[in-house]
1. Place +1 on the Cβ of every Lys and Arg and -1 on the Cβ of every Asp and Glu in the range 4-135, take the dipole about the Cα centre, and give the residue among T102, H32, G112 whose Cα lies farthest towards its positive end.
2. Counting DSSP beta bridges with both partners in the chain, what percentage is antiparallel, nearest 5?
3. Let me check something: with ligands and nucleic acids excluded, how do K303, K234 order by accessible area (1.4 Å probe), largest to smallest?
4. Counting each DSSP H run of 4 or more residues in the chain as -39500 (n - 2.57), what helix-only mean residue ellipticity at 222 nm follows after dividing by all residues, to the nearest 500 deg cm²/dmol?
5. Relative contact order, percent, of the chain when contacts are C-alpha pairs under 8 Å separated by at least 6 residues?
6. Arranged from highest to lowest average of other beta-carbon atoms within 10 Å per residue, in what order do the peptides 251-264, 308-321 appear?
7. Working with all protein chains in place, sort Y122, Y265 by solvent-accessible area computed with a 1.4 Å probe, largest first.
8. Which whole-angstrom value gives the distance between the alpha carbon centres of the range 333-349 and the range 246-260?
Amino acid sequence: VTAIDGLGYSILVETDALARLATLVRAHAPAHRYAIVTDENVARHYLTRVEEALATAAANASGVADRVHSVVIPAGEEHKTREQWARITDTLLAHGCARDTTIVALGGGVIGDLAGFVAATYMRGVPVVQIPTTLLAMVDASVGGKTAVDTPAGKNTVGAFHPPALVVIDPATLATLPARELRAGLAEIIKHGVIANAEELDRVSSLAPLLIARAAPYADLESLIERSVRIKAKVVATDEREHGLRKVLNFGHTIGHGVEAASDYTLLHGEAIAVGMIAEARLAEQMKIADAGTAAAIERVVKAVGLPSRMPGGISPERVLELMQSDKKRRRGMLEYALPLRVGAMAGEQSAWGIPVPDAVTLEALHRAH
Ligand SMILES: NC(=O)c1ccc[n+]([C@@H]2O[C@H](COP(=O)([O-])OP(=O)(O)OC[C@H]3O[C@@H](n4cnc5c(N)ncnc54)[C@H](O)[C@@H]3O)[C@@H](O)[C@H]2O)c1
Ligand SMILES: [Zn+2]
């Protein structure tokens, strides 16, 4: 087992950790009651196991079993809503869950964000244990304490910072994750490499075929996840509330979010981010911020993984720019970016890691991303 500390909570990366969940939860997040929030896809594969483990953990903490409740919601981003937040909290209230309850988020980033927001607000805040089951949630969403729901005004527009009590990452759960979702998660691992570890891009390139074929040794998968989580954890530990350094985690996301929205969410988040990283690195090269070759290096690994490197044909750059204008990162008429100096290092230390870019330069970059 690898424990990543430094954030005030443990992040455990361990193949088959679910088999030891009772012990892990009892040690790191003891509670009298557990309320599991999950989605239909994840429930099918893992809910029974997790319910049994938590029943054991709850019984040992309080001497009484049968203190585990589960709420299963439909899968998909369209359910990361205030309506589902209300449904979940109403269910917990009906069960009589009080401040002795710990919420367990079992699923991808949608469940992590939604259940995390339930935990942040239920009885003015109860602990949450994150058990991420997508690669994206393992290396990104479950770490760092951001929780939220979407509203018609935009993604993640209502939320809270609510760091977990514990994160349990079991790479064995990736066996059932669709390949397309696995690739999308690799985009965030590539992003972490660009931010802080140049060698990571080669490692991802060489491991990708085995990973996608579900033939990668678990030891390799574990260390891939662990290195990536460490990068995010280090950034978050320095700047939990995103006043400065945490902005580097937005690399690829300023353009990526615009592309994702312009695709009407037919592109997965990670797919849009892959396009965004290449476009933003090219923009950084053009502005003489990044070394020549930075974008090409990112494009190589993106292609090796089988992620898209360009915008789909039907998307117009003007539309992407328009959608980017509503982005939270917009300041004083310019869009703010996190840009690389080169693969492995970010620019912008002097400007709190946010680099303003005139819209004309963005538009040019979008035209070249076609
Ligand atoms: N809080 C943060 O810091 C943060 C960071 C990045 C992303 N996010 C959020 O994360 C969300 C995206 O997360 P995601 O990509 O994990 O999407 P997701 O939660 O929708 O999961 C993707 C799909 O995989 C299914 N699934 C999950 N685990 C599975 C498994 N082991 N086997 C089979 N199917 C499985 C889900 O049911 C879903 O259909 C977005 O809402 C985004 O805003 C949050
Ligand atoms: Zn992302």
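The values are calculated or read from the model by the stated rules, or taken from the named source; none is laboratory data. Keep in mind that this is a model prediction, so the values were computed, not measured. Positions of Cβ are backbone-derived with ideal geometry, glycine not excepted, and every protein chain shown enters the neighbour counts. These accessible areas exclude ligands, DNA and RNA; they are computed on the full protein's heavy atoms, side chains included. Shrake-Rupley method; radii C 1.70, N 1.55, O 1.52, S 1.80 Å.
1. Going by the charge dipole, the pick is H32.
2. Within the chain, antiparallel bridges account for around 40 percent of the total.
3. Details: K303 120, K234 155 Å².
Order by accessible area, largest first: K234, K303.
4. Helix contribution divided over all residues of the chain: -14000 deg cm²/dmol.
5. 14
6. Details: 251-264: 24.4, 308-321: 17.4.
Taking the mean over residues of other Cβ atoms within 10 Å, the ranking is 251-264, 308-321.
7. In descending accessible area the options line up as Y265, Y122.
8. About 11 Å separates the Cα centre of the range 333-349 from the one of the range 246-260.
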